[in-house]
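Take a look at the structure set out below.
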Amino acid sequence: RQHETDRNEKIFNYFTAGCNRDGLALRALRRGMDDSPCEHKLLILLSDAQPNDITKMEQDGEFIDYTEGSAVQNTAIEVRGLTGRGVSVICVFTGEDTDLPAAHTIYGRNFARIRSLDQFADTVGTLIQNQIEAYKLIQKGEVLLEKYSPAALPMAKRPGLFIARVWRLLRVFCG
């Protein structure tokens, strides 16, 4: 329906003025995912890679602003915490060119950029498809992951066996 499509496009006009605590949200999500009985976990985020909050965060015993570098680093740490627990994390990035370094810091190569909502379904479908295919290859012991995202690695039961060879063969899919 056209009126729904028009409304959906407004997501690209949304901007926050604070209270966008990505790292904290990911930490809470991690706790919930830890309790999940699912063997394979995939988290797909829609983000502009601009975490920002008016409330300060504690770091090394000090309270610092949750903006720019500190917020990006905090969010990146929480993403790594999820991947370390076997959750594959992928971002559908909606930010500007100036936000690309933050997206790389937070998600590594595990993001795909979209510039309009029309690209969302195809992009997410492709990301999910690639995660499933990469998982199948890893399970079979094949390490030719040239077109797949490195986020697939935590989905393997024993990724340590293949990780050195995989990283050498891996090509950028999303970045």
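The values are calculated or read from the model by the stated rules, or taken from the named source; none is laboratory data. Keep in mind the model is a prediction, meaning the values are calculated, not measured. Each accessible area value is taken on the protein alone, full model and side chains, heavy atoms only, with ligands, DNA and RNA left out. Shrake-Rupley method; radii C 1.70, N 1.55, O 1.52, S 1.80 Å.
Annotation: amide H of N20 within the under-5 Å range of N52, D53, I54, sequence separation 5 or more or interchain, hydrogens built in the peptide plane.
With a/c under 1.5 counting as rounded, go ahead and sort the stretch 26-151 into rounded, prolate or oblate using the C-alpha gyration tensor (a ≥ b ≥ c being the square roots of the eigenvalues; past the cut-off, prolate if a/b is larger than b/c, else oblate). In terms of gyration-tensor shape, oblate. The phi-based Karplus calculation (6.51 cos²θ - 1.76 cosθ + 1.60; θ = phi - 60°) puts the 3J(HN,Hα) values of the stretch 127-138 at 4, 5, 4, 5, 5, 5, 5, 5, 4, 4, 5, 5 Hz, whole numbers, x for Gly and Pro.
Note that the stretch 65-133 presents 45 Å² accessible area per residue, ligands and nucleic acids not counted, probe 1.4 Å. Phi angles of the stretch 46-51 translate, via the Karplus equation with coefficients 6.51, -1.76, 1.60 and θ = phi - 60°, into HN-Hα couplings of 9, 8, 9, 6, 10, x Hz per residue; Gly and Pro are given as x.
Computed from backbone phi with θ = phi - 60° and the Karplus coefficients 6.51, -1.76 and 1.60, the 3J(HN,Hα) list for the stretch 77-88 is 4, 5, 4, 4, x, 5, 5, x, 9, x, 9, 7 Hz; x is used for glycine and proline.
For K41, the residues whose modelled amide H falls within less than 5 Å of its own, excluding neighbours fewer than 5 places apart on the same chain, are S88. In this view, the solvent-accessible surface of H104, computed with a 1.4 Å probe and all protein chains in place, comes to about 80 Å².
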